[in-house]
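So the structure is just underneath, and the comments pick up after that.
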Amino acid sequence: MAKKRPTLIVNHENLRHNMSTVVGWCRDAGIDVAGVIKVTTGLASAALDYESCGAKWIASSRIEQLARAKEAGVKVPLLMIRVPMLSELDEVVKICDYSLQSSFDTLKAIQEAAAKNGKVHNVILMADLGDLREGFFEKEELVDIAVYVENNLDSIHLAGIGTNLGCVGSVKPTKEKMDMLADWAEAVEEAIGRPLEIVSGGATSSLIPLFDGVMNPKVNMLRIGAVTFIGPLEDIRTCYGREEAEVLSDECFILEAEVIETNTKPTHPIGELGVDASGKVVKYVDRGRRRRAILAVGRADYGDIDDIVPVLEGAEVAMASGDHTILDIEDCKEQLRVGDIVRLKVKYSALMRLTTSENITIEEINRQ
C-alpha cells in the first residue's frame, strides 16, 4: 500500500540528541528543564523522549496535550504553562501537578477546585518584567499575593515564581532581567520566611544569558521547547543566531510532499493583478522563464512559505496557495518529475500547524 502524503517524519533519534544537549547545557548551570511539547501539539512520544533525556517536568499550554502525556506513561510532574481558564480548573488539578498563575481570582478558584478533588496543587506566580504577557507587574503586588497564597490557601503550594520574555513584547532575557527576577524571588522568600523551590527564568531565548555566563544563580528552571524541536534552522526565534546551537539537529521533523506538476513558466504573473489566494497584495520579481515543480501541500497545512525549507540543493519556495506549493527548481542538479517526493525542513510555526492538520500523516522513526 502506498504511503499517504503529505507526511511529517518525526526522527526521535535527532530529537533525543537535541534534548540531551539542551538538558546538559542547563544542568551544567544548575538549571532544570521543563520540556515544552506544545509546538508538536502535545506529541506524547516527544514527551517520553524529553523525560528520558532528563527533563524534570513536561509542560504545555493545553490541558489535553498534558493529558495525553499522562496517558502515555510520563512520570515526571506536568506543568501547565498558560494561565488556566476558570472553566478548566477541575481538569487542571486532576491532570497537572503545577501551573503558572497571574490572577488572584484564578488562585482563589483553583484553591476550591484542589480542595474539592483532595489535591494540593503547585503554583508558580508569574512576574511581568516588561514583555507584557501574563504576570504581576509590580513587585509589591507579587509579594502580597505570594504571602496570601502561603498563609490562606491550604490546597495550594507556592512552589516558586517565574517570568516570560522574548514573546509578545520581544524583550530579550538580559542579565538585568534575570537579576530583576532574582530580586523579586528574594523579596518573596523574605516575606514568606522560606526559600522557593523554583525560579523559572523563561523559555528558549533565556539560554542566551546562560551561554554568556551571566545567568543569575537564583534561576533554576527554564521552560524549553523551540530549540530542541527546530534546532538552528530558525536561529532568530530560538537562540538569536548563537553558534552554540549549531550542534543541534535541524532535521527532527521533515515534511515529505509529492510533486504533481513540473513545467517551465514565467516567474511574473501575466494579466491585471489583484490579491493572491490569501487576500494579500504581492510584489513579484520577474526572473524570466524558469523550471518549477508544484507540490501537493499548501498554506492550509503549514502556513507561511518562509517557514518551510527544501532539503534539495538549489530548490527555492517561490509561492503557494492553500493546497499547492510552487518550487523554483531551475538551479537544481537533480531534476524532479511528477510523483517524486520532496523533503522540506520545517520551522516553529509550520510545525505547530502541521501537527494539527488532519491532512498530514505523522510517521515516527527511531522511537525507543
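Below, the figures for the structure above:
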{"read-out": "Output for the range 321-360, where each listed residue is part of a strand (DSSP E or B) and either closer than 21 Å to Lys3 by Cβ or in contact (Cβ under 8 Å) with a residue 40 or more places away in the chain (or both)", "value": "Thr325, Leu327, Asp328, Ile341, Val342, Arg343, Leu344, Lys345, Val346"}
{"read-out": "Any chance Gly73 is modelled with pLDDT under 95, assigned by TED's automatic domain parsing to the domain that holds Ile198 and not hydrophobic (A, V, I, L, M, F, W, C)", "value": "no"}
{"read-out": "Matching option when the condition is closer than 30 Å to Phe253 by Cα, part of a helix (DSSP H, G or I) and in contact with a Lys or Arg (Cβ under 9 Å, 6 or more places away or on another chain), among Leu48, Leu66, Leu79, Leu100", "value": "Leu48"}
{"read-out": "Meets criteria (of a type in the set (D, E, K, R), within 30 Å of Ala245 (Cβ to Cβ), crowded, with 20+ Cβ neighbours inside 10 Å and in contact (Cβ under 8 Å) with a residue 40 or more places away in the chain) for Asp32", "value": "no"}
{"read-out": "Complete set of residues in the range 173-202 that are of a type in the set (Lys, Arg) and crowded, with 18+ Cβ neighbours inside 10 Å", "value": "Lys177"}
{"read-out": "Residue ID - surrounded by the most Cβ atoms within 10 Å (Cβ to Cβ), chosen from residues in the range 1-29 that are basic (Lys, Arg) and not assigned by TED's automatic domain parsing to the domain that holds Leu66", "value": "Arg5"}
{"read-out": "Residue count for the range 305-357, restricted to those that are crowded, with 16+ Cβ neighbours inside 10 Å and either at positive phi or of a type in the set (Phe, Trp, Tyr) (or both)", "value": "1"}
{"read-out": "Residue within the range 229-237 that is out of contact with any Lys or Arg (no Cβ under 9 Å at 6 or more places or on another chain), at pLDDT 95 or above and assigned by TED's automatic domain parsing to the domain that holds Met80 present", "value": "yes"}
{"read-out": "Scope the range 48-82; condition in contact (Cβ under 8 Å) with a residue 40 or more places away in the chain, surrounded by fewer than 23 Cβ atoms within 10 Å (Cβ to Cβ) and hydroxyl-bearing (Ser, Thr, Tyr); matching residues", "value": "Ser52"}
{"read-out": "Residue among Ser249, Ser205 that alone is of a type in the set (Ser, Thr, Tyr) and surrounded by fewer than 21 Cβ atoms within 10 Å (Cβ to Cβ)", "value": "Ser249"}
{"read-out": "The one condition in (1) under 23 Å from Thr262 (Cα atoms); (2) not aromatic (Phe, Trp, Tyr); (3) not in a helix (DSSP H, G or I) that Gly279 fails to fulfil", "value": "(1)"}
{"read-out": "Any pair with Cβ under 7 angstrom, 6 or more apart, that starts in the range 121-136 at a residue that is without any contact (Cβ under 8 Å) to a residue 24 or more places away in the chain and ends at one that is among the polar types (S, T, N, Q)", "value": "none"}
{"read-out": "Residue within the range 12-29 that is touching a Phe, Trp or Tyr at 6+ places or on another chain (Cβ under 9 Å) and outside any helix (DSSP H, G or I) present", "value": "no"}
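The values are calculated or read from the model by the stated rules, or taken from the named source; none is laboratory data. All figures in this text were calculated on a predicted structure; none of them were measured in a lab. Counting neighbours? That spans all protein chains shown, and the Cβs are built from the backbone with ideal geometry, glycine included.
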